[in-house]
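Chemist: The structure under discussion is supplied below as structure tokens; questions concerning it will follow.
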Amino acid sequence: MPLINKIVLVSGAEFFTDKDAINVLMDASVPVNSQKAVEEHELLIDTFKSVGIKVVKVDPPRGCQDGIYVANWALVKDHTAVLSRLPNKRKPEEAHAKQVLDDLGFKTIELPEDVKAFSGQGDSIYCDGVLFCQSPYRTCVEAHEYVKEYLGYGTVLSLRTKPARRHWYSKPTINVLTGWPDSPTYDIDLAIAAIRPATANSLPVIAYCPKVFERSSRKILKKLKGFDKIIVSREECLSAYALNLVSTGEAAIINSGAPNIKAELERRSLKVIELDLPELRKGGGSIRCCSLTLE
């Protein structure tokens with residue numbers, strides 16, 4: 001029986017492409033194989049079910065290339081969903097996400113108009129009393145306090161990963177399509193993961209990559225008490241999307257090509273299932289991005 005991520009929402013991969021490269025991980029010159037993407041997505045759904053996760057599948061928003069990445073639709077807690085504010089190319093998803101969550105019986109809340117960006121669960125990872133949030137790439141820092149108020153989180157940590165740069169000495173990169181700042185970890189679910197809540201015999205477990213965070217955020221995470229922390233290399237984080245995973249607390253579904261985090265998870269008695277999802281990753285997301293936790 002899953003301890004976390006008991007119920008997840010997924011949509012479909014029918015419209016998934018990387019034509020509009022709205023994040024630095026996308027390369028529009030390398031097209032998505034649509035049939036393989038659908039097959040990978042179906043494998044992911046079957047894998048969720050195999051570890052006891054209940055999957056709620058809905059239709060994807062028609063014509064929306066990133067509608068597969070439902071983690072960005074909202075942040076959900078106690079049957080309440082705070083809806084996202086997405087980049088210009090993803091705006092049509094917002095009304096679809098609200099309708100889906102309304103139809104499922106969730107209370108939906110829209111952020112004030114002055115909050116221009118909120119990436120939902122993509123930028124809000126919860127583990128055992130702490131919500132790890134990010135700004136400024138896809139989420140305004142002002143959104144953090146609203147989420148805390150609306151959903152009743154006790155502790156919200158405002159963090160920041162490093163921006164994308166053409167060279168180490170260059171100015172941070174601005175995405176030419178969205179006009180927003182960019183980062184290889186533009187959503188925090190590429191930089192940190194919830195592994196397991198506290199149990200009778202162990203501390204809650206998180207995994208994160210210190211090297212992708214700005215120095216001030218590294219200090220915050222290093223000083224954070226009461227957690228067992230798995231440290232992930234920059235290579236596994238960025239090359240294998242190692243932290244864009246879904247864990248039930250008993251089993252972890254991860255991307256292939258990350259042997260070190262696999263070993264650390266197994267050392268903590270988790271069953272690890274590796275998936276090879278090259279097409280889904282062409283959009284700059286993967287396992288966690290393709291699922292929105294509803295429970």
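Chemist: I'd like to verify a number: residues in region 18-60 that are surrounded by 17 or more Cβ atoms within 10 Å (Cβ to Cβ), outside any helix (DSSP H, G or I) and not charged (D, E, K, R), how many?
Modeler: 11
Chemist: Give the residue that is nearest to ALA198 (Cα to Cα), with candidates limited to residues of region 16-37 that are among the hydrophobic types (A, V, I, L, M, F, W, C) and under 20 Å from the mean Cα position of the chain (by Cα).
Modeler: Let us first name the residues in region 16-37 that are among the hydrophobic types (A, V, I, L, M, F, W, C), namely 16, 21-22, 24-26, 28, 30, 32, 37.
Checking which are under 20 Å from the mean Cα position of the chain (by Cα) leaves us with 16, 21-22, 24-26, 37.
Details: PHE16: 37, ALA21: 39, ILE22: 37, VAL24: 35, LEU25: 33, MET26: 36, ALA37: 35 Å.
Applying the filter and picking the extreme gives LEU25.
Chemist: ASP128 fails exactly one of the following numbered conditions: (1) on the phi > 0 side of the Ramachandran plot; (2) crowded, with 19+ Cβ neighbours inside 10 Å. What is the number of that condition?
Modeler: Evaluating ASP128 over (1) on the phi > 0 side of the Ramachandran plot; (2) crowded, with 19+ Cβ neighbours inside 10 Å leaves (2) as the failure.
Chemist: Quickly run through region 132-191 and pick out the residues that are in a strand (DSSP E or B) and of a type in the set (S, T, N, Q).
Modeler: Once the filter is applied, which keeps residues that are in a strand (DSSP E or B) and of a type in the set (S, T, N, Q), region 132-191 yields GLN134, THR155, SER158, THR161.
Chemist: Which strands (runs of 3 or more DSSP E) does region 61-121 wholly contain that include 1 or more residues that are in contact with a Lys or Arg (Cβ under 6 Å, 6 or more places away or on another chain) and crowded, with 18+ Cβ neighbours inside 10 Å?
Modeler: By residue number, 80-83.
Chemist: While we're on this one: If you take the residues in region 219-256 that are in contact with a Lys or Arg (Cβ under 8 Å, 6 or more places away or on another chain) and part of a helix (DSSP H, G or I), which one is surrounded by the fewest Cβ atoms within 10 Å (Cβ to Cβ)?
Modeler: Step by step, filter region 219-256, then rank; the result is ARG234.
Chemist: Tell me the residue from LEU86, LEU75, LEU111 that is closer than 16 Å to VAL10 by Cα and at pLDDT 95 or above, please.
Modeler: Working: LEU86 fails: closer than 16 Å to VAL10 by Cα; LEU111 fails: closer than 16 Å to VAL10 by Cα.
None of the other options fit; the residue is LEU75.
Chemist: In region 58-78, what residues are of a type outside the set (A, V, I, L, M, F, W, C), over 23 Å from ILE125 (Cβ atoms) and free of Cβ contacts under 8 Å to residues at least 60 places away in the same chain?
Modeler: ASP59, PRO60, PRO61, ARG62, GLY63
Chemist: Within region 192-212, can you find the residues that are buried (at least 18 other Cβ atoms within 10 Å of the Cβ) and in a helix (DSSP H, G or I)?
Modeler: Passing the criteria: PRO210, VAL212.
Chemist: Kindly list, by first and then second residue, each pair from a residue in region 133-154 that is under 17 Å from ARG90 (Cβ atoms) to a residue that is of a type in the set (D, E, K, R) and surrounded by fewer than 16 Cβ atoms within 10 Å (Cβ to Cβ), limited to pairs with Cβ atoms under 8 Å and residues at least 6 apart or on different chains.
Modeler: CYS140/LYS116
Chemist: Let me ask you something else. Could you please give the count of residues in region 112-136 that are under 24 Å from ASN5 (Cβ atoms) and either in contact with a Cys (Cβ under 8 Å, 6 or more places away or on another chain) or not acidic (Asp, Glu) (or both)?
Modeler: 16
Chemist: Is it the case that LYS171 is more than 24 Å from GLY120 (Cα to Cα), surrounded by fewer than 21 Cβ atoms within 10 Å (Cβ to Cβ), at pLDDT below 95 and basic (Lys, Arg)?
Modeler: Judged against the criteria, LYS171 is a match.
Chemist: Being hydrophobic (A, V, I, L, M, F, W, C) and within 18 Å of ASN5 (Cα to Cα): is that true of LEU86 here?
Modeler: Numbers: hydrophobic (A, V, I, L, M, F, W, C): yes; within 18 Å of ASN5 (Cα to Cα): no.
No; evaluated as a whole, the condition is false for this residue.
Chemist: List the number of the failed condition for GLU235; all other conditions in (1) acidic (Asp, Glu); (2) closer than 20 Å to ASP128 by Cβ; (3) without any contact (Cβ under 8 Å) to a residue 12 or more places away in the chain hold.
Modeler: (2)
Chemist: Within the bounds of region 130-146, is there any residue that is touching a Gly at 6+ places or on another chain (Cβ under 7 Å), closer than 22 Å to ALA71 by Cβ, modelled with pLDDT of 95 or more and not hydrophobic (A, V, I, L, M, F, W, C)?
Modeler: Within region 130-146 (the criterion being touching a Gly at 6+ places or on another chain (Cβ under 7 Å), closer than 22 Å to ALA71 by Cβ, modelled with pLDDT of 95 or more and not hydrophobic (A, V, I, L, M, F, W, C)), the answer is yes, since at least one residue qualifies.
The values are calculated or read from the model by the stated rules, or taken from the named source; none is laboratory data. Only a predicted model underlies this, so the values are computations on that prediction, with no experimental measurement involved. Every residue, glycine among them, receives a Cβ derived from its backbone with ideal geometry; neighbour counts consider all protein chains shown.
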